[in-house]
Amino acid sequence: MKPRRVSPPISNYKIPDYDINFFWNGKKLTAKKGDTIASGLLANQQDIIGRSFKYHRPRGVMSAGVEESGALVTIGDGAYTEPNISAPTEQITEGLCVYSQNAWPSVRFDIGSILNQFSRFLAAGFYYKMFMGIPPFEWGRGTSIWMFFEHFIRKAAGLGRASRLADPDIYEHLNTHTDILVIGSGPAGIRAALTAAKSGADVLLVEQDFLIGGSYLSQPDKIEFIELTEQLTAKNITILTGTTAFGLYDDETVGLIERVSDRHENITQKLPRQRFHICRAEKIILATGAIERNYAFINNDLPGIMTVSSARTYLNRHHLLVGEQIIISTNNDSAYETALELKNAGANVTILDAREQIGDNLLQKIVSNQIHLYLGSAVAKAENGFNSASIKKIQIAELGKNGWQSAGSLRCDCLLISAGWSPVIHLASHQGFPINWSEENACFYSSGNSKTIFLAGSAAGIWNRQGCIQSAIDIFNIEANANDSAHQKMGGWDTPIKPLYEIRLASLKGKAFVDPQHDVTASDIRLAHQEGFISVEHMKRYTTLGMATDQGKMGNIIGLSIMADALNAPISEVGVTRFRPPYTSICLGALAGRHRQSHFKPIRRTPLDQWSLRHSAIMTEAGLWRRPWYYPEKGEDLNKAYIREATTARRSLGICDVSTLGKIMVQGPDATEFLNRIYTNPFAKLPIGKARYGIILRDDGMVFDDGTTWRLAENNYLMTTTTNNAASVMTRLEELLQVRWPQLKVHVTSVTDQWAGCAIAGPNARNLLTNCVDKPDEMSHEALPFMGVKQIYLKNIPCYIARISFSGELAFEVYVPSDYAPSLMQMIWQNAMAFDSCLYGLEALGTMRIEKGHVTGAELDGRTTIDDVGLGRMASANKDFIGKSLRSRQMLASPNRPQLVGIFPKDKSKKFSAGGLLNEAGKTNSHPLGWVTAVTYSPALGHWIALGFIEGGLQNTKDKQIILTDELRANFLDIEIVSPHMYDPEGTRLHG
Amino acid sequence: MIQIICPFCGKRDHSEFSYGGDGEITYPALDANEESWHDAVFLRENIYGRQIETWQHIHGCRSWLLVDRDTKTHEIFSVKLAHLDWHILLEKNR
Ligand SMILES: [Zn+2]
């Protein structure tokens, strides 16, 4: 194969004509501006572009589009490496580095190609068989031999490799809206855009190629196209080139990937590399064209074999004649025009037509132009030359009385195939629109939904240009829509197509590929059938047909026809697997967009975030929140800091940001009734100025959330929720009020972000606050009893104050509107200096709550009942509440359910960590009795402690020897099960 | 991507909404027996076709909605505010 440049036909279509350089495996080559990697490599006579997936067979350019199955390359270096690029679709830019794939040491001499000799073992399903020891692998069963081979095979098989470095580029997301979206800019697409625009609609025309024009670009005469492009400048038409519509989704939503800038340019221009458009349209026209198919014959993957239409594209778009001795094998009319153009460009052309008759028009043109024609003929086998991987010769098959038979050979340096056309119906298939088989046109087709989604042009199975254009006009013609018969009919050839999927002669041996990119052969399909995989969906997965990056755009139908043949059924009955997005490979970076690294999820900062950072806080993530974790002093680590903080708070005074607690205002005449229904404990008689701890169950009786609710006025409550459940409690309350109990007059408002809070805990808490009020009486036990709530001025800052304790110490929570939070905290902290005091973070907070046996999300995990956590007394017997009925299910009352307990190590010097299971001694291999939910070092007790659940609780484990087993860390510890209230169980400290 | 016409906010992407559940369930009174609560909470039809669902316009007006939707085609036939008094009021003042 010796492709050469030819002079472009004289026309007024301006093409840039200057040289650019690029690098192929490090070697500098020259191409023309406008070349794709494929045309650039062909122009430099690079016939072998890569090695195949499994057998390492040499592969060259097989097409001129997204269906490419052979010429996959890697482009770019370092972090800019991008593997598995389809060479015919990527434009060459100055200095582009292109590399071959899956070959070592080089594409011309590849050690992996030895696998081709072992192909008997690599047929469909070889992995399954290998590990199961099924023939021909029976000798490998139970041996380590195959483990060794597997390693080797995994390494050898494959496509390109990713760089494993972070993607340095920027990607953006856009919401794009248009009236009419036209996908594809060939004759039908352009006409659809122009017709739609005439009505005044906004039109978006997208084209996956970097140039608009579709099949116009592959034609020698471009006068019509030039006229059309001038009309496309209408201001209600937007054109996006280099933009792939990769998926069609519900409600006329299309995913578009727009390739904005070349990698080298975007660094200086600060442009995104790609944009991901979520495009919504009123109407979508799929003018996505059709893809020319090949067929299965022996060695149909040799370099030098490509589709007829691709040779036409290379000739008329890139001015590249792909061979001198060209054989065209076809079964339809479409190849003849190309044959003439190739002949006129100076090649010797021979046509093998599988049909035994063709129309007189075609016949005369061919004969008068000295093109050799063999009717009733096809290729049985392709052969490469001595010392050359490229095609040199073909064995011909001829239709005889008993079917195909051998009929001599022909020499050539290029073989072009056209075994029919497959309309690109992928997007219609994404939405599940019906896909039907046309016997007459030997293709699958779809009609969209005929309301908002239409197919036009060759995507609708129309093969002549005028018909394609008319089909686009028809979509917008109301009369034509009303009268279906006026629609353009599929087809458009003089002589009907003759189905051609495989030529197989008993006398010839070798591999005939169905899916070259995944190295699936015709015999793999037959093997799958023979082994019982008769559904196409099973066959696809067993053979991996159509599961490579090209998704079998050229070969799937061959596989289906071979399966149909084996099943002795028509293709229409075998069916087709549903296409899945994306239509072509898309970059994950584009889907991620800006949502990466620190933008992966939003950060919720408390109003005290900056204040805490200025006071040396180390922050941690709690859901979306960023919270102070600990406040190290003088080089303390986490452990030293939290122990000091918890110790100080219990000894004297600690201050903590608790702004993240969920806060919901519950207001209205029925607010009391509402709270009484959602909490398990009674709220009907909660006095104004008091808070109450409450538990909310789900409908199924499991614990949903807990928190305190403060009665601020007759019909005005402030409910607090756990930090984690703030949003779901809010949603739940709204659901109850809007869906279940619409008659209740209650309004709920989330005020989590509006109010900031800090907890002041420790024996000196009241002393500190007394220093902050005008009259010391205001902070007395009588003025603010346990669970009391009131408005108060602290050094002239108006606050709500509640005497609530999570730490188990005498404690208060002070709330102010968020903007006042730093002033409040600053004032309190300044006054705290007079005491032995500290700021404490989430870690010390956790330590103190574990010591007290207070439950949080770790315990209330959706599987625990109110009794499991020892709060059964919170469930009122005298009123109804949500979850009451199902809470009393018999199984939930079982005394053997896991119940909340405290855990001490027997040897108090032992440390242990979270994640362990609780077993009875001697039964560590059986089902565990329980698990650990939270672990900490307890400064108050002077040893490590934990909370956990164990079957039957404390009661049931009194006489048992329990072991904490941590298999992962090989840690086994004798433990003692104790009450979860491990510190100050009587609560004397709480009351100061 | 499904779009839902919120009676209050207009046509919005489904990413603004969160799915609730079967909208045709009548929850029993709080003091109803275990069996009727069991049926309401745990028994669900797995409908392949039209069903009434509850959705919340969680990133919008936070209304709970009754959506009449085909689970097979995703076609939406009607959207109402679940709070029917509010719905009537909204329609009246349109
Ligand atoms: Zn809304």
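Rule-based calculations on the coordinates, nothing more; no lab input. Just so we're clear, the structure is a prediction, and the values are computed from it rather than from any experiment. A quick note on method: Cβ atoms are made from the backbone with ideal geometry, for glycine too, and the neighbour counts reach across all protein chains shown.
Once you average over the residues of A:880-890, how many Cβ atoms of partner chains fall within 10 Å of each Cβ? Please report the intermediate quantities before stating the final value.
On the way: counts 4, 2, 2, 3, 5, 13, 6, 2, 2, 3, 1.
Rounded to a whole number, the mean comes out at 4.
So what does log10 I(q)/I(0) come out to for region A:501-569 at q = 0.11, 0.24 Å⁻¹, using the Debye formula with one equal point on every Cα and no solvent?
Taken in order of the listed q values, log10 I(q)/I(0) reads -0.22, -1.04.
If you average the sequence gap of Cα pairs under 8 Å that are 6 or more apart and divide by the length of region A:906-992, what percent do you get for the contact order? All intermediate terms of the calculation are to be shown ahead of the outcome.
Values: 130 pairs, mean separation 24.1, N = 87.
It rounds to 28 percent for region A:906-992.
Between A:ASP880 and A:LYS685, what is the label-to-label distance in nm when each label sits 7 Å out along the Cα-to-Cβ direction?
Computed distance between label sites A:ASP880 and A:LYS685 equals 2.1 nm.
Within 10 Å of each residue's Cβ, count the other Cβ atoms and sort A:SER52, A:SER750, A:SER458 from fewest upward. Write out the running numbers ahead of the final one.
On the way: A:SER52 28, A:SER750 19, A:SER458 32.
Taking fewest neighbouring Cβ atoms as first place, the list is A:SER750, A:SER52, A:SER458.
Work from the charge dipole of region A:662-750 (Cβ charges, +1 for Lys and Arg, -1 for Asp and Glu, about the Cα centre) and give the residue of A:GLY701, A:ASN676, A:ASN725 farthest towards its positive end.
Looking along the dipole axis, the top candidate is A:ASN676.
Is there a quick way to get the dipole size of region A:239-368? I mean about its Cα centre, with the Cβ of Lys and Arg at +1 and of Asp and Glu at -1; what is the value in debye to the nearest 20?
Values: 13 positive and 16 negative charges, 104 e Å.
Around 500 debye, computed over region A:239-368.
Filter the trypsin sites (Lys or Arg not before Pro) in region A:873-935 down to the DSSP loop ones having no more than 14 other Cβ atoms within 10 Å, then list what survives.
Values: sites: A:ARG873, A:LYS879, A:LYS884, A:ARG887, A:ARG889, A:LYS906, A:LYS908, A:LYS910, A:LYS911, A:LYS923; in loops: A:LYS879, A:ARG889, A:LYS906, A:LYS908, A:LYS910, A:LYS911, A:LYS923.
Passing sites in region A:873-935 are A:LYS906, A:LYS908, A:LYS911, A:LYS923.
To the nearest 20 debye, what charge dipole does region A:501-569 have about its Cα centre, counting +1 at the Cβ of each Lys and Arg and -1 at the Cβ of each Asp and Glu?
On the way: 7 positive and 8 negative charges, 25 e Å.
With only Lys, Arg, Asp and Glu charged at Cβ, the dipole is about 120 debye.
Provide the gained length on full extension for the span A:GLU282 to A:ALA921, in nm with one decimal, where the gain is 0.36 nm per separating residue minus the Cα-Cα distance.
Roughly 223.1 nm would be gained on extension.
Residue-wise, which Karplus ³J(HN,Hα) couplings in Hz belong to region A:629-644, taking 6.51 cos²θ - 1.76 cosθ + 1.60, θ = phi - 60°, and x for glycine or proline?
8, 7, 10, x, 10, 6, x, 5, 8, 3, 5, 5, 5, 5, 5, 5
Among A:ILE85, A:ILE435, what is the fewest-to-most ranking by other Cβ atoms within 10 Å?
Numbers: A:ILE85 22, A:ILE435 17.
Going from least to most buried by this count: A:ILE435, A:ILE85.
Taking θ as phi - 60°, what are the ³J(HN,Hα) couplings along region B:28-45 by the Karplus curve (6.51, -1.76, 1.60), each to the nearest whole Hz, with x for Gly and Pro?
Rounded to whole hertz, the list is x, 4, 4, 9, 5, 6, 4, 5, 5, 5, 4, 4, 5, 8, 9, 8, 9, 7.
Once the Cβ-Cβ distance between A:GLN466 and A:HIS595 is put in as r, and R0 is 45 Å, what FRET efficiency do you end up with, to the nearest 0.05? Please list the in-between numbers first.
Details: r = 47 Å, r/R0 = 1.05.
FRET efficiency, A:GLN466 to A:HIS595: 0.45.
Which value, in Å to one decimal place, does the Kirkwood hydrodynamic radius take for region A:612-755 when every pair of different Cα atoms is included?
Details: mean 1/r = 0.0584 Å⁻¹.
One decimal place: 17.1 Å for the Kirkwood radius.
Apply 1/(1 + (r/R0)^6) to the Cβ-Cβ distance of A:LYS911 and A:SER728, taking R0 = 41 Å, and write down the FRET efficiency to the nearest 0.05.
Working: r = 35 Å, r/R0 = 0.86.
Efficiency computed from Cβ-Cβ geometry: 0.70.
Using 0.36 nm per residue, how much length does the chain from A:ALA858 to A:SER388 gain when fully extended, once their Cα-Cα distance is taken away?
Working: separation 470, 0.36 × 470 = 169.20 nm, distance 6.82 nm.
Stretched fully, the A:ALA858-A:SER388 segment lengthens by 162.4 nm.
Taking the Cα of A:ASN896, stepping 7 Å toward and past its beta carbon, and measuring to each backbone N in region A:947-989: which are under 20 Å?
Inside the label zone: A:949-963.
Report the label-to-label distance for A:ASP966 and A:LYS27 in nanometres (one decimal), using points 7 Å from each Cα along the Cα→Cβ vector.
Spacing of the two 7 Å Cα→Cβ label points: 6.1 nm.
Per residue of A:732-739, how many C-beta atoms from partner chains lie within 10 Å of its own C-beta, taken as a mean? Don't skip to the end; give the middle numbers.
Details: counts 0, 0, 7, 6, 2, 2, 11, 14.
Neighbouring Cβ atoms belonging to other protein chains average 5 per residue here.
Could you tell me the relative contact order of chain A? Use alpha-carbon pairs under 8 Å, at least six residues apart, and round to a whole percent. Provide the component values of the computation, followed by the final result.
Working: 2234 pairs, mean separation 84.7, N = 992.
It comes to 9 percent, rounded to a whole number.
Run the dipole for chain A about the Cα centre, Lys and Arg Cβ at +1, Asp and Glu Cβ at -1, nothing else charged, and hand back the magnitude in debye, nearest 20. Mind dumping the intermediate values first?
Values: 101 positive and 100 negative charges, 343 e Å.
Around 1640 debye, computed over chain A.
Where both partners of a DSSP beta bridge lie in the protein assembly as shown, what percent of those bridges are antiparallel, to the nearest 5? Spell out each step's value before the answer.
Details: 150 of 202 bridges.
Beta bridges within the protein assembly as shown, antiparallel portion: roughly 75 percent.
Looking at the protein assembly as shown, what % of the alpha carbon pairs are farther apart than 50 Å? Please list the in-between numbers first.
Details: 261781 of 589155 pairs.
Counting every Cα pair in the protein assembly as shown, those more than 50 Å apart make up 44 percent.
For region A:611-642, state which trypsin sites (Lys or Arg not before Pro) are in a DSSP loop and have at most 16 other beta carbons lying within 10 Å of their beta carbon.
Working: sites: A:ARG614, A:ARG626, A:LYS634, A:LYS640; in loops: A:LYS634.
Within region A:611-642, the qualifying trypsin sites (Lys or Arg not before Pro) (loop, at most 16 other Cβ atoms within 10 Å) are A:LYS634.
Are there any chymotrypsin sites (Phe, Trp or Tyr not before Pro) in region A:555-661 that are in a DSSP loop and have at most 10 other Cβ atoms within 10 Å? List them by number. Provide the component values of the computation, followed by the final result.
Working: sites: A:PHE579, A:TYR583, A:PHE600, A:TRP611, A:TRP625, A:TRP629, A:TYR630, A:TYR642; in loops: A:PHE579, A:TYR583, A:PHE600.
Qualifying residues, ordered by number: A:PHE600.
Would you list A:MET563, A:MET982, A:MET874 from fewest to most Cβ contacts within 10 Å?
Details: A:MET563 25, A:MET982 21, A:MET874 18.
Listed from fewest to most nearby Cβ atoms, that is A:MET874, A:MET982, A:MET563.
For a label point 7 Å from the Cα of A:ARG889 along Cα→C-beta, name the residues of region A:669-695 whose backbone N is under 20 Å from it.
So the set is A:680.
Of the peptides A:346-353, A:820-827, how do they stack up when ordered by the mean number of other Cβ atoms within 10 Å, highest first?
Working: A:346-353: 21.5, A:820-827: 18.9.
Top to bottom by mean Cβ count within 10 Å: A:346-353, A:820-827.
What FRET efficiency comes out for A:ASP637 versus B:ARG62 if R0 is 60 angstrom and r is the Cβ-Cβ distance? Round to the nearest 0.05. Could the numbers behind the result be given before it?
Numbers: r = 44 Å, r/R0 = 0.73.
Efficiency for this residue pair is about 0.85.
Can you give me the distance in nm between label points at B:LYS11 and A:MET547, each placed 7 Å from the Cα along the Cα-to-Cβ direction?
Reported label-point gap for B:LYS11 and A:MET547 is 4.0 nm.
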